[in-house]
Amino acid sequence: MIKAGGALMGDVGQDIEKIADIGGAVVSNSSSQEQWWLREATLDDALQHGLKEQEFFGVLEVLGRPMNMVEVGICSALYSEHCSYKSTKSHLRNLPTEGENVIQGPGENAGIVDIGEGLGVAFKVESHNHPSFIEPFQGAATGVGGILRDIFTMGARPLAVLDSLRFGTPDDTYSRYLLKNVVRGIGTYGNCMGIPNVGGELFFHKRYEKNCLVNAFALGIVEKDKIFLGSASGVGNPIFYVGSKTGRDGIHGATMASEEFDDSSAEKRPTVQVGDPLQEKLLLEACLEVMRTGHVVGIQDMGAAGMTSSSFEMAERAGSGIILHLDRVPMREEGMNPYEVMLSESQERMLLVVEKGGEDAVREVFARWGLDAVQIGEVTDRKEVELFWNGKEVSSLAASVLTSSVPVYDWPEREPSSYRERLDFQVSSLEESEDLAADWYALLGSPNLCSRAALYEQYDSTVRGNTAVGPGGDAGVIRVKVEERATDIGVSATLDCNSRYCELDPYEGAAHTVLEAYRNITATGCEAIGISDCLNYGSPEKPEGMWQIAQGIRGLGDAARAIGVPIVSGNVSLYNETQGQAILPTPTIAMVGRISDYRLAVRSTFEQEGDVIVLVGAPSTCPGGKGVSLGGSEYLAQRFHVEKGALPEIDYDGEVAVASVIRRLIEEKRLRSCHDIGAGGIAQALAESCFAAHRLQSGEELLGASLTISGEHAEGVRRDLILFGEGGPRYLISFSRESVDAVRGAFEASSLSVLGEGVVQQGDVLSLEVRGEGSSIPLAEISVREAYRRHTETMRRLFQGNR
């Protein structure tokens, strides 16, 4: 491990020259420059490619010879933060990655968890932040394409996608432009692929104005005995290039995604990939078909760093070597050279290792789908990746040199000087609002809490007919269906992150994020079975930035261990900052759950007049308890423009206990709806539970609600804390009067607290009150219809004219 800091790790210049500048005139007809890629690389070349000085000389020492320009390009891609995790690897090793249901953990294209009946769910979340800021449509679209390839590379058929988005405030013109075009890119690619988008999240903050975040998630189903890995095994086995042709798009994409932005960032558009979803649909079907032939030994997506990462990773995993004849690669542009072929990130391409003798069968399958399938090399026993161009060797590097031997940095960490002061802020110093109803309306219409319907209506959420619970609730739920085999199993998925919490306290914020995802999965009736993480942070080379990263990973690991859910895949995205201003720490958590019968899954909205409403939670979440706080809340940020205060205390035992009872009641068909209490507190959850869109849009009778909060321990507690305080575990549930005894019995048996009770009622009134001695004290009352109007119009205005 390398101790990093001081002058040794000084600024080496993050700006990557475009390809035409690195090698002279790449497509020049000048014979003196035709083979510039073979010239000896200098330190200046390495620095321009994003390598650090000691990395360059370290590789030279291991090789015992100079590198040429092809090799320095390869090295820069595999040493990039995006590919190597060199700044976080020492921390990621401490995450819990094992469990009785884990089939495939981190290290492959996606993680896989057993869901029964001989099936596994493959899933992963990954970032496409930098490309989406530079070219939002293509950046977001290819983010979806890339994550889908990660899934079907494992042999799984993709069943659903989700996305987590971060932008600057909506009043910023460029942030609105990014939002509209990112959503358009996600929708275009996913809709063309025929994969339903069943959920996600969206958050606005000024710290994302110069660095938006686009995290894409996908899951698929695979038969446990038909999983494929990215391994180049079997000496003499042929290697096939399949899919779209290679162009110059995306060159230096991995290195670009591993650097800070500056004033010249807009010039990096050539490093953004260009996607073709219809071509990917063909590739998906062709890959799944060729896998069924029994001739595929290993398969790897050409994602970040293109053929460089796929070839070196496949060889290193198998402990083998490979020969590649790069001039045989199908190309769509004239005059391309080996440097460009190895570093291109053109989309919709795969590298296949085929069982010797199966070549014709593989060609036949891809020909039927109208795709290239060209044998470009073979597996060897020399443990070298040998590259040839027109019969001449242009590079020979040991796979381990650029994979396992990437340096691991131990950057210094420093707690920010403002950390303690922010957490010590006293909410009691703020004057309590006189008009809580006005505050309630304002929160419902605020950018971070308003309805996302105008966004997700641009996605097809029901294609293929397997969506049991779509977007707009706590988590999406999909029926499991493999080819022609339908099951009753349902899988759920959610994406979550409380970035404001993570800024205040990176450790606690990451843990709270895991628990919010856990509650969202639980609220549908599913049991959480696996996590994939996407860790979005600023520069690790700044001590305060590295402290945030390390603390976040520790919090993530401790929370996952406490609830018993393994982390089976993930992604790290660092250097999300521009001109020294970093994003809020954003460790996005993708959590997947399972339910034995998808038909049992419940939604978050009330279903029937007269149903009983109960607010249930752990004892620590009673009014005045330490499990609920306004510190770091959406209410404090919107009402007072304050982003300070102590976060809610975490109660892991309470989380698991309450979740267990909720799941059991749903499995017993006792509950008609369930909604966890998240951002915006009880007030937000109660209003959202009344917003059944079909009822409000069709003119049916409205369903309102009244909820009375238990007065026990509430004396002297701020009214806005009762309404808008955040923290858990707390759930708002509804059920028929016939289920009252069973539900109460379950709570009492598990020592859970009934924090409030109410009723679903016809009409336009939504009210909250607190029980006092002998009578109830009103807190706030609003109109359901007016609340719904404010809740939905904010996002519709942002997308006005977008279609």
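The values are calculated or read from the model by the stated rules, or taken from the named source; none is laboratory data. Quick caveat, the model's predicted, so the values are computed rather than measured. Reconstructed Cβ throughout: ideal geometry from the backbone, glycine too, with neighbour counts over all protein chains shown. These accessible areas exclude ligands, DNA and RNA; they are computed on the full protein's heavy atoms, side chains included. Shrake-Rupley method; radii C 1.70, N 1.55, O 1.52, S 1.80 Å.
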Q) Roughly how many percent of the accessible protein surface of the stretch 427-552 is carbon and sulfur, given a 1.4 Å probe and a whole-percent answer? A) 42 percent
(Q) Report the gain in length on full extension from Thr293 to Ala657: 0.36 nm times residue separation, minus Cα-Cα distance, nm rounded to one decimal. (A) 126.3 nm
**Q.** Given charges at Cβ of Lys, Arg, Asp, Glu: the chain dipole, positive-most of Ala618, Leu324, Trp440
**A.** Leu324
Q: Between Gln426 and Ile777, take the C-beta separation as r, use R0 = 22 Å, and let me know the FRET efficiency to the nearest 0.05.
A: 0.35
Q. Based on the alpha-carbon gyration tensor of the stretch 301-350 and its eigenvalue square roots a ≥ b ≥ c, which shape applies: rounded if a/c is under 1.5, prolate if not and a/b is larger than b/c, or oblate?
A. prolate
Q: Express the carbon and sulfur contribution to the solvent-accessible surface of the stretch 163-222 as a percent, rounded to the nearest whole number, probe 1.4 angstrom.
A: 49 percent
Q.
Please compute the modelled spin-label separation between Asp360 and Glu738, points set 7 Å along Cα→Cβ, answer in nm with one decimal.
A. 6.6 nm
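Net charge near Glu348: determine it from the other residues with C-beta under 14 Å of the C-beta of Glu348, scoring Lys and Arg +1 and Asp and Glu -1.
It works out to a net charge of -3.
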Q | Nitroxide proxy distance, nm - points 7 Å out along Cα→Cβ at Arg368 and Asp225 | A | 2.3 nm
Q. Among bridges DSSP assigns within the chain, what percent are antiparallel (round to 5)?
A. 80 percent
Q: Report the Stokes-Einstein translational diffusion coefficient (µm² s⁻¹, integer) for the stretch 82-202, Rh taken as the Kirkwood radius over Cα pairs, at 4 °C with viscosity 1.567 mPa s.
A: 81 µm²/s
(Q) Can you give me the accessible area per residue for the chain, using a 1.4 Å probe, in Å²? (A) 35 Å²
Q: Using a Förster distance of 22 angstrom, determine the FRET efficiency expected from the C-beta separation of Glu333 and Gln35, and round it to 0.05.
A: 0.75
Q. Taking the Cα atoms of the stretch 636-687 alone, what are Rg (to one decimal) and Dmax (as a whole number) in Å?
A. 15.0, 44
**Q.** Kirkwood hydrodynamic radius of the stretch 416-536, Cα pairs, Å
**A.** 17.8 Å
Q. Short version: ³J(HN,Hα) in whole Hz for each residue of the stretch 771-780, in order, from phi by Karplus 6.51 cos²θ - 1.76 cosθ + 1.60 (θ = phi - 60°), x for Gly and Pro, what are they?
A. 6, x, 6, x, 7, 9, 9, x, 9, 6
Q. Over its Cα atoms, what ratio of radius of gyration to 2.2 N^0.38 Å does the stretch 341-450 give?
A. 2.27
**Q.** Segments 579-591, 749-761 sorted - mean Cβ within 10 Å per residue, highest first
**A.** 579-591, 749-761
Q | Kirkwood hydrodynamic radius over Cα pairs of the stretch 675-803, then Stokes diffusion coefficient at 37 °C and 0.692 mPa s, in µm²/s | A | 202 µm²/s
Q. Quick one: Cα centre-to-centre distance for the stretch 733-793 and the stretch 461-527, in angstrom?
A. 25 Å
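For the pair Asp435 and Gln762, what calculated FRET efficiency results from E = 1/(1 + (r/R0)^6), where r is the Cβ-Cβ distance and R0 = 22 Å, to the nearest 0.05?
For Gln762 and Asp435, the calculated efficiency is 0.25.
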Q. Cα to Cα, under 26 Å, and not fewer than 8 places away if on the same chain: which lysines meet these conditions relative to Lys224?
A. Lys124, Lys281, Lys356, Lys481
**Q.** Label point 7 Å beyond Cα of Ser396 along Cβ direction - residues of the stretch 340-362 with amide nitrogen under 11 Å
**A.** none
Q.
Please report the spacing between the Cα centers of the stretch 236-252 and the stretch 633-679 in Å, no decimals.
A. 47 Å
Q. For the stretch 597-657, what number results from the quotient of the Cα radius of gyration and 2.2 N^0.38 Å?
A. 1.54
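What do the square roots of 5 times the Cα gyration tensor eigenvalues come to for the stretch 57-150, in whole Å, largest first, as semi-axes of the equivalent ellipsoid?
One finds semi-axes of 31, 22, 12 Å for the stretch 57-150.
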Q. How big is the accessible area of Trp411 in square angstrom, nearest 10, if you roll a 1.4 angstrom probe over the protein chains?
A. 10 Å²
**Q.** Estimated distance in nm for a label pair at Ser596 and Ala486, the labels positioned 7 Å out from Cα along Cα-to-Cβ
**A.** 2.1 nm
Q: Tell me the Kirkwood hydrodynamic radius of the stretch 161-217 in angstroms, computed as one over the mean inverse distance between distinct C-alpha pairs.
A: 11.6 Å
Q: List the equivalent ellipsoid semi-axes of the stretch 572-725 in whole Å, largest first, each obtained as the square root of 5λ for an eigenvalue λ of the Cα gyration tensor.
A: 29, 22, 19
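Give the shape of the stretch 456-595 as rounded, prolate or oblate, defined through the alpha-carbon gyration tensor: a ≥ b ≥ c are the square roots of its eigenvalues, a/c under 1.5 means rounded, and otherwise the shape is prolate if a/b is larger than b/c and oblate if not.
Because a/c hits 1.5 or more and a/b exceeds b/c, the stretch 456-595 counts as prolate.
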Q) Once amide H atoms are placed 1.01 Å from N in the peptide plane, what residues at a sequence separation of 5 or more from Ile529, or on another chain, have their amide H within under 5 Å of its amide H? A) Val592, Gly593, Arg594
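Using 0.36 nm per residue, how much length does the chain from Ser405 to Arg664 gain when fully extended, once their Cα-Cα distance is taken away?
On the way: separation 259, 0.36 × 259 = 93.24 nm, distance 4.85 nm.
Between Ser405 and Arg664, full extension yields 88.4 nm more.
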Q: Give the residue from Val385, Ser775, Thr586 lying farthest towards the positive end of the charge dipole for the chain; charges sit on Cβ (+1 for Lys and Arg, -1 for Asp and Glu) and the dipole is referred to the Cα centre.
A: Val385
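Once you order the gyration tensor axes a ≥ b ≥ c over the Cα atoms, which shape class does the chain get: rounded for a/c under 1.5, otherwise prolate or oblate by comparing a/b with b/c?
On the way: a/c = 2.13, a/b = 1.69, b/c = 1.26.
Note, shape of the chain comes out prolate.
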Q: Please name whichever of Leu707, Gly678, Val759 sits farthest to the positive end of the charge dipole of the stretch 657-803, dipole taken about the Cα centre and charges placed at Cβ: Lys and Arg +1, Asp and Glu -1.
A: Gly678
